[in-house]
Amino acid sequence: MRNRLVVAVALIIAIGSPAYAQTLGEITRREVDAALDSRREASASLESVTARFEEAIVVETQTRERIVSLSRSISSLEQEIGTKRSQVQALVIARYMSGGFLKTDRVFAARTFTDLPVQDRYYQVANARDVELLRGLESAEKLHADQQDRLAQSLMEQEAYVVEIAELAEVILRQLEAADAGYDSIAIAFEQQEEEKRRVAEEERLRREEAARKEAAEAARQATSTTTTTAVATTTTAEPTTTTTGDGDTTTTTAQTTTTTTTPPPAPPPVVTDGKACPINAATSFSDTWGAPRSGGRAHKGVDMMAARNAPLVAIESGVITRTSDSSLGGISLYLTGMSGSRYYYAHLEALAPGVTGGMSVSVGDLVGYNGSSGNSPNWLPHLHFQYAPAGSDWINPYPLVKALCG
């Protein structure tokens, strides 16, 4: 079944998100919306694959815990068997010294008590206490053999699950990256196009204002010049009239300075709905794993959102980043308290965004970090561990929230 699933996912990739040809002419908002829909469809098409991936994670975790438990039990049994074999050897020696007829060399040469062809004769001459000792050794050896078989089987199962998990993760991340490339190229080009429109419109507005000011100044200058000439050409016996004109007109033109810098390609603008944004501003795939078992006997208290490494992580709502941390479990992480009073936890980041620190205010959609695999996350699985607590409440299942925002 696993092989069929991987083949099916490979086909999804082949026919997945459309490749946008270079747009000739102006990019429309409709094209951007269509690209966003395609990115969402690519993520949605991975739902069953992601569910299988999460299921394999759970089973592999349980298998690993079983291996640890079996290893400890086997180690304890080996100590117990060693003690019981010493006691049986002491029993055989005592029987021999008291005139027993059993061949002690067989006892010392046997690998286990159940290997002895004469064990029935031991039971015939043994008292109740001796029988309890001999039966205990026999039971411990049988249990030890059974647990060794179970351990070997569990190790093979774990290896198979690890291979499947790695294959599924590679397939999921490859399709998510393809979906991002398709959307980002058109969304970023649209933003640059609109920014250029705004720049040109602003330059045109300034040019028109400057032309109008010059025209008004010239008209005022001509009016002043005509009045002065008329006054000088008139002869009268009255006292001369002095006409004072204003200062000469001065025109100042401010040239805009264009600065060119080399910066990484910008991320597409976050999609904000009712004052909230998906915490991952990229194609993402996740399933409902609230309460699923995790290593160390823990239960999962969030949702794991897979996305390309270094995908932008943004503030889900406006609020304050209360603190940041870097631990062996959650890795690089941050806590955000929104204006609504809700609390959010982002873990396993590759890095925080420049300048992000505890106590700073953020607006919805602001860049706060980059998706990664720090902490106890495997390096081959970049994902955001995301938790959510409504105002005045403890952590609850965040799946419905992110499904509505990111689905």
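Any read-out appearing in this document is the output of simple, stated calculations on the displayed coordinates, not a laboratory observation. Computed from a prediction, not measured in an experiment: that's the story for all the values here. We place every Cβ from the backbone using ideal geometry, glycine too, and count neighbours over all the protein chains shown.
Step through the residues of region 339-355 one at a time and calculate ³J(HN,Hα) from phi using the Karplus curve (6.51 cos²θ - 1.76 cosθ + 1.60, θ = phi - 60°), rounding each to whole Hz and writing x for Gly and Pro.
With the stated coefficients, region 339-355 comes to 4, 6, x, 6, 10, 9, 10, 10, 10, 6, 5, 6, 6, 7, 5, x, x Hz.
Taking the mean number of other Cβ atoms within 10 Å as a proxy for protection, how do you rank 181-188, 390-397 from highest to lowest? All intermediate terms of the calculation are to be shown ahead of the outcome.
Details: 181-188: 19.4, 390-397: 12.0.
The densest-packed peptide leads the list: 181-188, 390-397.
When only Cα pairs under 8 Å and 6 or more residues apart are kept, what is the percent relative contact order across region 272-406? Please list the in-between numbers first.
Values: 355 pairs, mean separation 39.5, N = 135.
Normalised by residue count, the contact order of region 272-406 is 29 percent.
I want to check the label-to-label distance for GLU80 and ASN310. Put each point 7 Å from Cα in the C-beta direction and report it in nm to one decimal.
Computed distance between label sites GLU80 and ASN310 equals 5.5 nm.
Please list, or write none, the lysines whose alpha carbon is within less than 18 Å of the alpha carbon of LYS142, excluding same-chain residues fewer than 8 places away.
LYS142 reaches LYS84.
Given 0.36 nm per residue, what is the gain on full extension from ARG207 to ARG174 after removing their alpha carbon distance, in nm? Show your work: numbers first, answer last.
Values: separation 33, 0.36 × 33 = 11.88 nm, distance 4.91 nm.
Answer, rounded to one decimal: 7.0 nm.
Pull up the cross-link candidates among the aspartates and glutamates for LYS403, meaning alpha carbon to alpha carbon under 17 Å and not fewer than 8 places away within one chain.
Excluding near neighbours in sequence, the set is ASP37, GLU41, GLU47, GLU54, ASP274, ASP288, ASP304, GLU317.
Largest first, please: the extent of the C-alpha atoms of region 272-406 along each principal axis, to the nearest Å.
Result for region 272-406: principal-axis Cα extents of 35, 30, 26 Å.
Once the Cβ-Cβ distance between ARG323 and LEU155 is put in as r, and R0 is 45 Å, what FRET efficiency do you end up with, to the nearest 0.05? Before the final figure, lay out each step's value.
On the way: r = 41 Å, r/R0 = 0.91.
Rounded to the nearest 0.05, the efficiency is 0.65.
Run the numbers for ILE396 and VAL58: contour at 0.36 nm per residue of separation, minus the present Cα-Cα distance, in nm. It would help to have the intermediate numbers written out before the result.
Values: separation 338, 0.36 × 338 = 121.68 nm, distance 1.97 nm.
Length gained, ILE396 through VAL58: 119.7 nm.
I need the phi-derived Karplus couplings for region 140-153: 6.51 cos²θ - 1.76 cosθ + 1.60, θ = phi - 60°, integer Hz, Gly and Pro marked x.
Couplings: 5, 5, 5, 5, 4, 5, 5, 6, 5, 5, 5, 5, 4, 5 Hz.
On a full-extension model of 0.36 nm per residue, what is the gain between GLU218 and SER340, subtracting their alpha-carbon distance, rounded to one decimal in nm? Provide the component values of the computation, followed by the final result.
On the way: separation 122, 0.36 × 122 = 43.92 nm, distance 5.79 nm.
Taking 0.36 nm per residue and subtracting the Cα distance, the gain is 38.1 nm.
Using packing as a proxy for protection, rank 75-86, 269-280, 58-69 so that the peptide with the highest average count of other Cβ atoms within 10 Å comes first.
Details: 75-86: 14.0, 269-280: 18.3, 58-69: 16.2.
Those peptides, ordered most packed to least, come out 269-280, 58-69, 75-86.
For THR289, enumerate residues with amide H under 5 Å from its amide H, sequence gap 5+ or separate chain, H modeled in the peptide plane.
ASP304
What is the set of long-range amide H partners of CYS278 at a cut-off below 5 Å, with H atoms built 1.01 Å from backbone N?
Under 5 Å from the amide H of CYS278: VAL271.
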